[in-house]
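Comments concern the structure below.
Values in this text are rule-based calculations from the coordinates and carry no lab data. These figures come from a predicted structure and were not determined experimentally. FYI the Cβ positions are ideal-geometry reconstructions off the backbone, even for glycines, and counts take in every protein chain you see.
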Amino acid sequence: MKLYKLIMLTVLFCCINILAQEQNDYSKEPGYFDFGEILSLKTGELTTEICLEEPILKMVAKMGEAKDKELGNIVDGLKLVKVNEFIVGKKNIQKVDETFESVGKKLQSDKWNRTIKTKQKNHNAYVYVKSNSSGDFDGLVIMAKDKEGKITLVNIIGKIDLAAIGRLSKEFNFPDIGKMKEKNTEKE
């Protein structure tokens, strides 16, 4: 039994080491977006930070295929899933709205398409997709702010099936895009 545990621990260590060495520079991918301008508004630490890179996503896809082939295929086409959540102080709440607008204009000038814009009292959400020349989607960006000042930023890179992203968000417990679609009321 000790030998089995030692072998499993060694295999796990080797896998982690290989995955760490295979880190890619995702900033060169067409679906990548740098949230630095928004992250500069945070006060305190990140409350949630998820960064699933391609090697881990491939491993999850393989494991997921046994349970759910469709979900495995969805995850297999992804290269990076990055989620950041944090709180902004009361003094930066207004700045967040201005920054979301500024970042949105930058995304649109970089040929991202806004698919959802929700502006309600104390709650904003924006969803952008980046399409390629063949009409497929290479990137997804979500920016959301709730009434408590919690900011959620999501960037998904890779082959994206928009119809399946809602299901993926539930599986990984990401912000629920389905709810955002229901609230797609644009109030300026």
**Fill in**
Rounded to the nearest Å, the spacing of the alpha-carbon centers of the range 124-158 and the range 73-92 is 9 Å
**Fill in**
K105 and E45 label points (each 7 Å along its Cα→Cβ direction) are spaced in nm at 3.6 nm
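Order the peptides 82-88, 152-158 from the highest to the lowest mean number of other Cβ atoms within 10 Å of their residues. Please report the intermediate quantities before stating the final value.
Working: 82-88: 19.0, 152-158: 22.3.
Most protected by this proxy first, the peptides run 152-158, 82-88.
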